Every structure is written in structure tokens, then in C-alpha cells.
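*Asks:* First the structure, which I've put down as C-alpha cells, then a few questions once you've had a look.
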Amino acid sequence: MTDFRDYERRPRRPIVDEDETEDLYEEEENGKAPLAYRAVAWVSVIVLLFAAGYWGTSLTLKFLDKRQIIGQENVVNGPEEAKRIAEDQSAPSGITGRRSGFDVFVPRGETIVAQSVSHVSGLLEDDVKVVISGLLETMRAENTISEQVRVLHVFRNGDLLYLDLNDPFTGALQKLSGPRANLVMTSLVRSIVQNFSPVIKVRFLVNGKDSDMKTPVDLTMPWQLKTSS
């Protein structure tokens, strides 16, 4: 029979041996960092490398530009230079931001007269708005139309352009005779089609909606120039 007093006299053995404890510490020291920390570290390294590369490339390009090794003659270097080029009629035609010319067709009497206008070109839709707004203002100044007609929006879908005008547009047309209103419409369509390729048809909207007006001109259908047979 086992004597419990003998058991109490025995030296107590630790739950974990010293060798096993050393192994545990060694595993903790040699263990990898959590995945989130490693991901942050790699992202930081990539950002630093990218910044260093961008900075180095910028310095290299500036150095080469000063040496006139890669200078481009047809590119402006800032807003002031772009403005100067736009105001300079003798500037080379290949420079970005150059002055652009447009031919507008103004109804005068029983005919349409071509007139040249110019401004710094941009997006097609923006250019249409500027050119047509100027043409409408010329018509009002010459008493061709009596209303203050404004261009609200311009949209293009392939070769079809949508010209959105305010309410006075229909009122101005209704005050004209059929031939006179047709002349005004022809001047607008021709000014768009001949300046802004690939547009060949123009759909007129009033306050963003299709118009149901059919007299003195039909606004329910797109307009386009007659082609010579």
C-alpha cells in the first residue's frame, strides 16, 4: 500500500521542463509578425519606392529639358503661355491651346452670309455652345429674332447633336414668317454641321424636352442640310 507521506517527501516536478520552456521562448522569438503588420510594412515600402521613383524621374526630366534634349515645341508650359499663344495670331498652328476659327452663317435679308469667329477651342460640346450663343446674339442684335434665346445644353450621340434652348426660342420663331423662320433654322444647322464633324443632324430641344411645334417650322424632327444629288 502506498504511503502518502512518501509522496509528500518526493521532490515536486515542474509542470513544464526547463528545456521545454526554452523551446517555447525560442518559438515566440522566431515566430512571424501578424499578417496585418506585414501587409502594412509592404505597402509602406511600395509607397516609398514609388515616391522615390517619381521624384527621381521628375528631376531627370527637368535636367533634360534644361539641356533642351527632350523639349517639345508644340506643348505649352503653363496658363500664361497658353493665354499668350491664344492672343498671338502668328503662333504656330501645331501648338496646343491655339486660336481656332469657326465659320458661322448669319441670316441677312433673304440670304445667309458667312462670318468668321474665333476662340480657344476645347470640347466639341463647349465649342458648339460658344459658337451658337454668339450667332443667336448676333441675330438678336440685328433684329432677326426679338427674344433673348440662350443655349442651355449641348449633347452629341454619334452624328446627331442635341441643341437644348430656352423657351424664348419657340416664341422667336413663331413671330417669323415661314421662309424667315426656315432661314434662321438653316443658319443654325449649317453653322453646326460645317464646323463640328462628325455631326450631320441637329435635334432641337426646348428646356430639355422635345418640342411639339410644327409651324412655322417643324421642331419635332431632326434637321439636316440638303445634299446635292
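*Asks:* With a Förster radius of 22 Å, plug the Cβ-Cβ distance of L152 and D212 into 1/(1 + (r/R0)^6) and report the FRET value to the nearest 0.05.
*Replies:* Approximately 0.75, to the nearest 0.05.
*Asks:* Further, regarding this structure: List the trypsin sites (Lys or Arg not before Pro) in the range 153-188 that DSSP assigns to loop (not H, G, I, E or B) and whose Cβ has at most 14 other Cβ atoms within 10 Å. Which are they?
*Replies:* Numbers: sites: R156, K175, R180; in loops: K175.
Answer by residue number: K175.
*Asks:* Arrange the following residues from fewest to most other Cβ atoms within 10 Å of their Cβ: F102, F169, F155.
*Replies:* Details: F102 20, F169 28, F155 14.
In order of increasing Cβ crowding within 10 Å: F155, F102, F169.
*Asks:* Continuing with this model, one more query. Grab the beta carbon distance between D126 and V40, set R0 = 41 Å, and tell me the FRET efficiency rounded to 0.05.
*Replies:* So the FRET efficiency works out to roughly 0.35.
*Asks:* Which net charge results for the neighbourhood of Q224, defined as the other residues with beta-carbon distances under 13 angstrom from its beta-carbon, given Lys and Arg at +1 and Asp and Glu at -1?
*Replies:* Details: positive: R190, K201, R203, K226; negative: D159, D218.
Neighbourhood net charge equals +2.
Rule-based calculations on the coordinates, nothing more; no lab input. Keep in mind it's a predicted model, so treat the numbers as computed, not measured. Cβ atoms come from the backbone with ideal geometry, glycine included; neighbour counts cover every protein chain shown.
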